[in-house]
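The values are calculated or read from the model by the stated rules, or taken from the named source; none is laboratory data. As the structure is a computational prediction, the values presented were derived from the model and not from experiment. Neighbour counts run over all protein chains shown; Cβ positions are idealised from the backbone, glycine included. Just so you know, the surface numbers come from the protein's heavy atoms only, side chains and all, with ligands and any DNA or RNA stripped out. Shrake-Rupley method; radii C 1.70, N 1.55, O 1.52, S 1.80 Å.
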Amino acid sequence: KERSVADLREAFSGHGIAPLAASFQGGLLTSQGDARREHWKTFEQRLALCRDLAIPVLVVAGDAHGPLGPQDLGRLSASLVEAAKRASDMGVRLALEFDARASFPNNLQSAIALVDDVGSPSLGLCLDWFHWTVGPSKPLDLWLLSKDNLAHVQLSDIADVPREMATDADRILPGDGSSPADDLIHRLRDIGYAGGVAVELHDPRMWRVPPRQFGEIAMTALRKLLGQAKME
């Protein structure tokens with residue numbers, strides 16, 4: 001482990017890379033029994049890795065699926081409190097990513113309410129534009145974003161399919177589809193957001209593109225989007 005961390009540090013330094021976020025950790029919110037113990041063990045390992053590699057943000061998946069009762073909601077809230085505490089001890093900030101397909105939270109307003117309820121500077125929000133677009137979030141919800149509660153942003157666009165039918169495989173490069181993120185970019189400018197903005201795609205066709213080449217393509221798309229929004 002020590003050797004791999006040292007190698008990564010050297011690689012980052014040699015290429016002038018300063019990682020802004022790690023994605024992602026799942027299974028923390030409502031899992032139980034052996035599965036819960038395994039997820040939290042992995043979480044501790046990832047927090048340590050983020051600390052050792054000076055990665056400031058770790059994305060946590062809002063993956064509470066299926067029917068949820070009062071006990072599940074209590075477990076979810078307590079899990080976020082505990083996760084934020086452990087992250088704080090490691091000098092890492094968590095970014096809760098709401099999932100449009102989850103039971104709770106599945107929208108921006110509910111996710112921000114959860115983050116506010118925990119009330120820890122070590123817990124913020126990850127806004128994935130795909131989940132904002134295909135879920136029940138509303139344009140007015142963007143006004144709930146602030147530079148204090150927003151910890152990370154993930155961008156993609158959607159191919160020419162109805163939002164109700166869109167899947168992860170329909171994610172395409174930002175600015176190339178039917179769901180441009182201009183409104184979000186304007187809001188990031190308004191609040192003075194200075195955190196990370198990532199391009200997140202799940203299009204299987206992109207998996208065949210060499211990583212370095214894809215990185216250049218993604219950066220070009222991102223710069224184009226930011227420039228169109230006059231946020232250079």
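Does the range 81-101 include one or more residues that are touching a His at 6+ places or on another chain (Cβ under 8 Å), assigned to a loop (DSSP other than H, G, I, E, B), within 30 Å of I217 (Cα to Cα) and open to solvent by 40 Å² or more (accessible area, probe 1.4 Å)?
Checked against the condition, which is being touching a His at 6+ places or on another chain (Cβ under 8 Å), assigned to a loop (DSSP other than H, G, I, E, B), within 30 Å of I217 (Cα to Cα) and open to solvent by 40 Å² or more (accessible area, probe 1.4 Å), the range 81-101 yields at least one hit.
Within the range 13-34, track down each residue that is in a helix (DSSP H, G or I) and either open to solvent by less than 50 Å² (accessible area, probe 1.4 Å) or touching a Phe, Trp or Tyr at 6+ places or on another chain (Cβ under 6 Å) (or both).
G33
Test D160 against the criterion of being assigned to a loop (DSSP other than H, G, I, E, B), without any contact (Cβ under 8 Å) to a residue 40 or more places away in the chain, out of contact with any strand residue (DSSP E or B) (no Cβ under 7 Å at 6 or more places or on another chain) and surrounded by fewer than 19 Cβ atoms within 10 Å (Cβ to Cβ), and give yes or no.
yes
Looking at the range 175-217, which of its residues are of a type in the set (G, A, S), farther than 22 Å from S137 by Cα and at pLDDT below 90?
G215
Could you list all residues from the range 45-62 that are out of contact with any strand residue (DSSP E or B) (no Cβ under 8 Å at 6 or more places or on another chain), among the charged types (D, E, K, R) and open to solvent by 50 Å² or more (accessible area, probe 1.4 Å)?
Residue satisfying the conditions is R51 alone.
Got a number for residues in the range 136-150 being open to solvent by less than 10 Å² (accessible area, probe 1.4 Å) and more than 15 Å from N107 (Cα to Cα)?
So the answer is 0.
Pairs needed: first member in the range 44-72, acidic (D, E); second member anywhere, at pLDDT 95 or above; C-beta distance under 8 Å; at least 6 residues apart or different chains.
Partner pairs satisfying both residue conditions: E44/R86; D63/G26; D63/G27; D63/L29; D63/D99; D63/A102; D72/T30; D72/A64.
Only residues that are within 15 Å of L29 (Cα to Cα), open to solvent by 20 Å² or more (accessible area, probe 1.4 Å) and either aromatic (F, W, Y) or outside any helix (DSSP H, G or I) (or both): list them for the range 102-135, please.
Hits for the range 102-135 are S103, F104, N106.
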